[in-house]
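Worksheet: one structure, shown below.
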Amino acid sequence: MSNLYETMYILRPDLSDEAVDSAIVKYQDLLKEQEAEILETQHRGKRRLAYEIDRHREGVYIQMNYRAPGSAIAPMERAMRLSEEVIRYLTLVVDEADIAEAVEEAPSQAPPGAA
């Protein structure tokens, strides 16, 4: 059985754009090898950290949403832990009922002038 997951990870700010792109592909491929379905990957850009991590004041934020079996998480997190490019990561199990509820509660976005 597969669950819905969200992983947010922060890459070192001194990485080149190519290195950031290759890191994103690396973790996506690692999940796909574990039979995960990548739903969305957002490159959130370089942002200032709330506190210094390993002498870094900024980091490149990446968010991945995917559906995967629970056994797919450990290999990906192990690779992130051992990687020199990842300075922090967090994986959450997303409850699909919460997503449906958030969509229902969100105000509808009607185009201007539509009535």
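Taking the stretch 6-33 as the range and being surrounded by 16 or more Cβ atoms within 10 Å (Cβ to Cβ), touching a strand residue (DSSP E or B) at 6+ places or on another chain (Cβ under 8 Å) and over 25 Å from Glu58 (Cα atoms) as the test, only Leu31 passes.
For the stretch 1-58, residues that are touching a residue at least 60 places away in the same chain (Cβ under 8 Å) and of a type in the set (Phe, Trp, Tyr) total 2. Among the numbered conditions (1) hydrophobic (A, V, I, L, M, F, W, C); (2) outside any strand (DSSP E or B); (3) within 15 Å of the chain's Cα centre (by Cα), the only one that Ala19 does not meet is (3).
Per the listing Ile38, Ile73, Ile10, the residue uniquely outside any strand (DSSP E or B) and within 13 Å of the chain's Cα centre (by Cα) is Ile73. Restricting Ala74, Ala68 to those that are among the aliphatic types (A, V, I, L, M) and touching a strand residue (DSSP E or B) at 6+ places or on another chain (Cβ under 6 Å) reduces the list to Ala68. Looking only at residues of the stretch 41-63 that are within 12 Å of Val86 (Cα to Cα) and hydrophobic (A, V, I, L, M, F, W, C), we find that the one that is nearest to the chain's Cα centre (by Cα) is Ile62.
Among the hydroxyl-bearing types (Ser, Thr, Tyr), without any contact (Cβ under 8 Å) to a residue 60 or more places away in the chain and surrounded by 12 or more Cβ atoms within 10 Å (Cβ to Cβ) - does that describe any residue in the stretch 91-98?
no
Take the residues in the stretch 58-73 that are over 16 Å from Glu40 (Cβ atoms) and modelled with pLDDT of 95 or more; name whichever of them is surrounded by the fewest Cβ atoms within 10 Å (Cβ to Cβ).
Applying the filter and picking the extreme gives Glu58.
The values are calculated or read from the model by the stated rules, or taken from the named source; none is laboratory data. Treat the numbers as computed from the prediction; the structure is a model and nothing was measured. Heads up, the Cβs are rebuilt from the backbone with ideal geometry, glycines too, and the neighbour counts pull from every protein chain shown.
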